[in-house]
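Working notes, beginning with the structure itself.
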Amino acid sequence: MNVEDLEHKPRHRLNDGALYRRLLRQARPFWLHIVGLFVLGLLQTPLSLLVPLPLKIVVDNVLGSEPLPDIATRVLPAAWTSSPAALLVVAAAFVVLVALLMQLRQLGATVLRTWTSERMVLDFRARLFRHVQRLSPVYHEKKGAADAAYRIQRDAPSVHYVAVDGVIPFVTATATIVSMLYIVVRLDWQLAMVACGVAPILFLASRYYRVRLRQRARAAKRLESRALSIVQEVLTSLRVVKAFGQEDREQNRFTATSEAGMRQQVRLAASQAALDLLVGVTTALGTAAILFLGTRHVIDGVLSLGDLLLVMSYLAQLYDPMKTISRKVASLQNHLASAERAFALLDELPDVPEADEPVRIERARGAVVFREVTFGYDDEPPVLNGVSFAVAPGQRVGIVGRTGSGKSTLLHLLTRFFDPEEGEILLDGVDLRHCAVADLRNQFAIVLQDPVLFSTTVGENIAYARPNATADDVVAAARAANAHAFITELPDGYDTPIHERGMRLSGGERQRIALARAFLTDAPVLLLDEPTSSVDVGTEAGIMEAMERLMHGRTTFMVAHRLGTLKSCDILLQIEPDGRLRHLETLEDSDLRVLGPDTDAGPAPRKAAG
Ligand code: ATP
Ligand code: MG
């Protein structure tokens, strides 16, 4: 199968006008810097006009004996111009001065351009990153984290290109064209008309190629980000890839995608070169026509020979910026394609919108009510079907059900990763959809089956939800989670770095760090999603003891396959395969009871690893 065939079209695409408007809006805070760059750019011409002056002075006024131009005698002190020797020193000094001014201009322009570009990109990246964090985890699971990473790191810089490197040369080129055209019209309007005859051809050519180039740039970027996704996917599950000996297959998948990307890049470059060719030939044709017609005019006596020479030299200065513009139009496409991708990411809506007037929550009491909640992923049949129950503050809720029945989904609804399709969920009597999302999430401490640790120190991992916690707080939390003992045995204690999602710690150790984190979070509602199912019975006992302490005084939702874990629950809920809820009186009512309490094996095979 051809990799390129797999491409799907994005749902919507900005038209060019809208794209430019958004780019300009992004650049608006920097307009002063852009004007500054523009001015620095304009300074270049007068400065370069000064370069040949010292030589002219030396030739005419030092070696030769022509009188100094008026302006020089007026500006310079008399002593400097009195003798040829003095004048020579002035001329030599002038060389250095002009060079210095030109270099200073360049220095200023480079620093200002770099600062403006980098700042603009930084702001844009920050905006993208904030947005990416607000998107639902499901979006990233579908698209792959590398896709967002590519858009933030590789596509975002285009925002400055269009504003700084695209617009400024465009404006200066247009200014040059207008002034040259004015001069040529004054010399011979017929020649000026002929000279402009190439403009429509250039316009049509760049219009045609604009569409082509943009499509190719889009395809190339899609393929590149796909290749990056493969790298990311394989590296994050390298253990599984190795365990199944699938390195070669992944290698082929990567090279196939990268090769398709390479072909697109070559096609893109070829189109760009073809446009270049077309532009070069068109302007040459224009020059030839002027040469032909101009010579006739000279023969007919309409135009003087000197004027023809002038027209020819201005023509070069007229066509150069025209070429620049046509080529810019081409090279811009690459960046516009990137900008499209970055904006498309910004246009993805978070799954859970913030209420217009969100209810702020300081610290919830922890009363939870589900009222006729129905929820399903995408268009699939509902996972939860008319689920209702009420939990008083501080109660413990045990949730059982076969694998895939929707236990984790129920917890996700509670933290508002998704909103129910029907029914409502209340925390302390307030519909979750009316609560401020950030406040709401602060009400939960979550311990998952496979805890997520970050590549920073053990201490910072524990303090993740409360970055300003003191070292004593962290140690107290670790003690409460029965983690202090093993942490002090690590090489640097609490300062030991955890690499790559905690791979150097055992499952039980990671789980205890996650528990310590939950202790420190000190949230009123605790969500435990099979926290002990990946550790052995001995370790489980230690974790359970810590967990008992953690659950004290908090509303707790506990998902567990081992029924022994659920003994202390006040409410027992079982999710049936059809998504309905059964309230159990005792654990013995559960259809999982065949396993008996405290058995080690899960009721159903766990999902395949990875
Ligand atoms: P387990 O005991 O294996 O953890 P669970 O009861 O926690 O299972 P859920 O994770 O809630 O089950 O999943 C319930 C159903 O929803 C499953 O059929 C699953 O395939 C589906 N599902 C879960 N997450 C998504 C998702 N992001 N997109 C689509 N379907 C999903
Ligand atoms: Mg689950």
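The values are calculated or read from the model by the stated rules, or taken from the named source; none is laboratory data. If you're wondering where the values come from, they're calculated on a predicted model, not measured in any experiment. Please note: Cβ atoms are built from the backbone with ideal geometry, for glycine as well, and neighbour counts cover all protein chains shown. Just so you know, the surface numbers come from the protein's heavy atoms only, side chains and all, with ligands and any DNA or RNA stripped out. Shrake-Rupley method; radii C 1.70, N 1.55, O 1.52, S 1.80 Å.
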Provide a single number: the residues in region 31-87 that are out of contact with any Phe, Trp or Tyr (no Cβ under 9 Å at 6 or more places or on another chain) and closer than 30 Å to R119 by Cβ. 17
I'd like to check which helices (runs of 4 or more DSSP H) are fully inside region 405-472 and have at least 2 residues that are farther than 21 Å from T556 by Cα. 458-462
Considering (1) outside any helix (DSSP H, G or I); (2) of a type in the set (A, V, I, L, M, F, W, C); (3) modelled with pLDDT of 80 or more, say which one L14 fails and leave the rest. (3)
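Among the candidates V138, V98, V121, which residue alone is surrounded by 12 or more Cβ atoms within 10 Å (Cβ to Cβ) and within 16 Å of S48 (Cα to Cα)? Spell out the reasoning first.
Working: V138 fails: within 16 Å of S48 (Cα to Cα); V121 fails: within 16 Å of S48 (Cα to Cα).
That would be V98, the only listed residue that is surrounded by 12 or more Cβ atoms within 10 Å (Cβ to Cβ) and within 16 Å of S48 (Cα to Cα).
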Within region 365-385, restricting attention to residues that are open to solvent by 30 Å² or more (accessible area, probe 1.4 Å) and outside any loop (DSSP other than H, G, I, E, B), which residue is farthest from L581 (Cα to Cα)? V369
Can you give me the number of residues within region 233-252 that are open to solvent by 80 Å² or more (accessible area, probe 1.4 Å) and outside any helix (DSSP H, G or I)? 1
Can you find a residue that is at pLDDT below 95, within 16 Å of ligand 1 (Cβ to nearest atom), surrounded by fewer than 20 Cβ atoms within 10 Å (Cβ to Cβ) and hydrophobic (A, V, I, L, M, F, W, C) anywhere in region 416-426? yes
Tally up the residues in region 57-84 that are in a helix (DSSP H, G or I), surrounded by 10 or more Cβ atoms within 10 Å (Cβ to Cβ), without any contact (Cβ under 8 Å) to a residue 24 or more places away in the chain and not polar (S, T, N, Q), please. 7
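Here is a yes/no grid of residues against (1) within 16 Å of ligand 2 (Cβ to nearest atom); (2) in contact with a Leu (Cβ under 7 Å, 6 or more places away or on another chain); (3) at negative phi; (4) of a type outside the set (A, V, I, L, M):
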position: N385; (1), (2), (3), (4): no, no, yes, yes
position: A392; (1), (2), (3), (4): no, no, yes, no
position: V397; (1), (2), (3), (4): yes, yes, yes, no
position: V400; (1), (2), (3), (4): yes, yes, yes, no
position: G404; (1), (2), (3), (4): yes, no, no, yes
position: F417; (1), (2), (3), (4): yes, no, yes, yes
position: I425; (1), (2), (3), (4): no, yes, yes, no
position: D428; (1), (2), (3), (4): no, no, no, yes
position: A438; (1), (2), (3), (4): no, no, yes, no
Tell me whether region 186-194 contains one or more residues that are modelled with pLDDT of 85 or more, within 30 Å of F254 (Cβ to Cβ) and not charged (D, E, K, R). no
Search result, residues across region 558-575 that are within 16 Å of ligand 2 (Cβ to nearest atom) and open to solvent by 20 Å² or more (accessible area, probe 1.4 Å): H561, R562
Is region 374-381 home to any residue that is under 37 Å from the mean Cα position of the chain (by Cα) and more than 12 Å from ligand 1 (Cβ to nearest atom)? yes
Every pair of residues 6+ apart whose Cβ atoms lie under 8 Å, when the first sits in region 208-229 and is among the basic types (K, R) while the second is open to solvent by 70 Å² or more (accessible area, probe 1.4 Å) and assigned to a helix (DSSP H, G or I): R216/R267; K221/R154
Members of region 174-191 found to be under 12 Å from Q317 (Cα atoms) and of a type in the set (A, V, I, L, M), listed by number: A175, I177, V178, M180, L181, I183, V184
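Among the residues of region 29-43 satisfying the criterion of being aliphatic (A, V, I, L, M) and farther than 13 Å from V167 by Cα, which is modelled with the lowest pLDDT?
Step one: filter region 29-43 for residues aliphatic (A, V, I, L, M), giving 32, 34-35, 37, 39-40, 42-43.
Now drop any that are not farther than 13 Å from V167 by Cα, which leaves 32, 39-40, 42-43.
Working: L32: 93, V39: 90, L40: 90, L42: 83, L43: 86.
If we take residues in region 29-43 being aliphatic (A, V, I, L, M) and farther than 13 Å from V167 by Cα, then L42 is modelled with the lowest pLDDT.
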Which condition number in (1) in a loop (DSSP other than H, G, I, E, B); (2) under 26 Å from D428 (Cβ atoms); (3) away from ligand 1 (no atom under 14 Å from the Cβ) is the one that V535 fails? (2)
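Answer with yes or no whether V302 is among the β-branched types (V, I, T), open to solvent by 30 Å² or more (accessible area, probe 1.4 Å) and not in a helix (DSSP H, G or I). Reasoning before the result, please.
On the way: among the β-branched types (V, I, T): yes; open to solvent by 30 Å² or more (accessible area, probe 1.4 Å): yes; not in a helix (DSSP H, G or I): yes.
Yes: the conditions hold for V302.
How many residues does region 291-305 contain that are at pLDDT below 90 and either within 57 Å of the chain's Cα centre (by Cα) or under 12 Å from D188 (Cβ atoms) (or both)?
Step one: list which residues in region 291-305 are at pLDDT below 90, which gives 301-305.
Now restrict to residues that are either within 57 Å of the chain's Cα centre (by Cα) or under 12 Å from D188 (Cβ atoms) (or both): 302-304.
Counting residues in region 291-305 that are at pLDDT below 90 and either within 57 Å of the chain's Cα centre (by Cα) or under 12 Å from D188 (Cβ atoms) (or both) gives 3.
For region 188-226, give me each residue that is more than 28 Å from V329 (Cα to Cα) and open to solvent by less than 50 Å² (accessible area, probe 1.4 Å).
Within region 188-226, the subset more than 28 Å from V329 (Cα to Cα) is 188-190.
Scanning region 188-226 gives a single hit, D188.
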Hey, can you tell me all the residues within region 534-557 that are open to solvent by 40 Å² or more (accessible area, probe 1.4 Å) and within 16 Å of ligand 2 (Cβ to nearest atom)? S534
